[in-house]
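What follows draws every value from the coordinates through simple rules; no lab data is involved. Only a predicted model underlies this, so the values are computations on that prediction, with no experimental measurement involved. Because the Cβ atoms are built from the backbone with ideal geometry, glycine has one as well, and the counts that use them run over all protein chains shown.
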Ligand code: SAM
């Protein structure tokens, strides 16, 4: 693959949001994996406060609500995502337990020590793994839990091509052991971690994305930016198919130190 690399953020934001908001989820994951990660979180009370940061259109938010007690505040930078999330909460009869706020994860609207659980599936990379862990910790109660999924190297060495791709897209990508070390350094006790299975990428994320491409291109009349965005995503899928033994998403679950 010799194509020129482009960051997704290089594209028009409205177009990016339109491309991804057509999907049930905006990153690799599944209901089963969300439940698996939740199995490491202790029992939450009816009064528990949960934040779902970078919630997208709410793929995991509904699963969280269905498998926990308490109130969930879902956060996303883009109002369109929050609108979709709210519609979904209503459809599932969960709007009394899920509220949504369009705000940046860099400026969270919580009080210090307010939260029992912070959830962030495929989104902490937007602020950066280390910075997110460090800054969000203030909002957790002592002993509060955090669960984030994050792209990680699965091997100690890898081919140059995939190393360059990820260093360009997300230079903070690192091995699982280094990510766990970062959790410890930022004030958490690692509780569990696991690698997301391939179907979370291929079946739950990339397949629906590919199915939506014709409608997306039709809407934008095959404009050059739309085609470039699509090509960027197709290239990412090719990279995954070729190099999936070297990287993957990993769920990291930790407890804020008391
Ligand atoms: N959690 C969802 C999922 O797994 O389907 C979405 C994951 S998607 C890869 C990352 C999400 O983070 C997007 O919905 C995006 O709009 C949101 N996002 C990006 N930058 C953000 C920021 N600064 N603050 C809050 N959300 C942000």
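For the stretch 79-157, dividing the convex hull volume of the Cα atoms by the residue count gives 134 Å³ per residue. Placing dummy labels 7 Å off each Cα toward the beta-carbon, the span from residue 192 to residue 134 is 2.9 nm. Give me the tail of P(r) for the stretch 1-90 as a percent: Cα-Cα pairs with distance above 16 Å. Summing the P(r) of the stretch 1-90 above 16 Å gives 59 percent of all pairs. Per-residue Cβ neighbour counts within 10 Å put 106, 236 in the sequence 106, 236, beginning with the fewest.
Per-residue ellipticity at 222 nm from helix content only, as computed over the chain with -39500 (n - 2.57) for each DSSP H run of at least four residues, stands at -11500 deg cm²/dmol. The distance from the alpha carbon centre of the stretch 14-44 to that of the stretch 186-258 is 11 Å, rounded to a whole number.
Fully extending the segment from residue 24 to residue 207 would add 64.8 nm, taking 0.36 nm per residue of separation and subtracting the current Cα-Cα distance. Here is the P(r) of the stretch 175-255: all C-alpha pair distances, binned every 10 Å from 0, give 16, 33, 25, 19, 8, 0 in whole percents. A Gaussian network model of the chain, with springs between Cα atoms under 10 Å, assigns the largest mean-square fluctuation among 70, 58, 248 to 70. Compared with the dominant Cα axis of the chain, that is its longest principal axis, helix 160-169 is turned about 60°.
Each peptide in 172-182, 154-164, 195-205 receives the mean, over its residues, of other Cβ atoms within 10 Å, and ordering these scores from highest gives 195-205, 172-182, 154-164.
Per residue, the convex hull spanned by the alpha carbons of the stretch 40-93 comes to 73 Å³.
Relative contact order, whole percent, for the stretch 1-111 stands at 23, derived from Cα pairs under 8 Å and 6 or more residues apart. If the chain linking residue 235 and residue 8 were pulled fully straight, counting 0.36 nm for each residue of separation and taking away their Cα-Cα distance, it would gain 80.5 nm. Contact order, relative form, for the stretch 51-99: 44 percent (alpha carbon pairs under 8 Å, 6 or more residues apart, mean separation divided by residue count).
Going from the residue with the fewest nearby Cβ atoms within 10 Å to the one with the most, 92, 193 rank 92, 193.
Applying 1/(1 + (r/R0)^6) with r as the Cβ-Cβ distance of residue 90 and residue 160 and R0 = 51 angstrom yields a FRET efficiency of 0.60. When DSSP beta bridges are restricted to pairs lying wholly in the chain, around 45% turn out antiparallel. Hydrodynamic estimate: the Kirkwood radius of the chain over Cα pairs, inserted into Stokes-Einstein at 10 °C and 1.306 mPa s, corresponds to D of 85 µm²/s.
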